[in-house]
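Engineer: Structure incoming, see below.
Read the figures in this text as sums done on the coordinates, not as results from a lab. Predicted model only: the values in this text are computed from it and were never measured. Backbone-built Cβ (ideal geometry, glycine too); neighbour counts: all protein chains shown.
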Amino acid sequence: MNNQDRLSEFFGNGSEAGGSLLQYVQAMSPETIAQLSRPVSAEVFQVMERNIIGLLGVLPAENFNISVTTSREDLGRLLASAMMSGYFLRNAEQRMTFEESLAIAESDTQAE
């Protein structure tokens, strides 16, 4: 199976829904992609950074000549892991913000 077949399989073998999603993502501007890829808070960025450093190793670059070698498949797994962690952290961050807003609204209601 070649890479194009894998991409088609991932996006639904050209099905209407999968094709629509692929077309939608491909039509996004580079600025939109950059905005969607950037963590909203510094906290999420730090957690993601620590996660990736933990996966790759923690030797400081200034004292060592570091080179990471991997296969295409393993790099894909690393990317998928980082993406899933990012989605999880973003959802957790949104939930935390929602719960904080709800607590503030409840305290305002009780104060009246």
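Engineer: Provide the net charge surrounding Ser37, with neighbours chosen by a C-beta distance below 12 Å and charges set as Lys +1, Arg +1, Asp -1, Glu -1.
Structural biologist: Values: positive: Arg38, Arg90; negative: Glu31.
Taking every other residue near Ser37 into account, the sum is +1.
Engineer: What is the sum of charges around Leu102, taking Lys and Arg as +1, Asp and Glu as -1, for the other residues whose C-beta is under 14 Å from the C-beta of Leu102?
Structural biologist: -3
Engineer: Decide, for the range 14-112, between rounded, prolate and oblate: order the square roots of the alpha carbon gyration tensor eigenvalues as a ≥ b ≥ c, take rounded if a/c falls under 1.5, and otherwise choose prolate if a/b is larger than b/c, else oblate. Show your work: numbers first, answer last.
Structural biologist: On the way: a/c = 2.81, a/b = 1.35, b/c = 2.08.
The shape class here is oblate.
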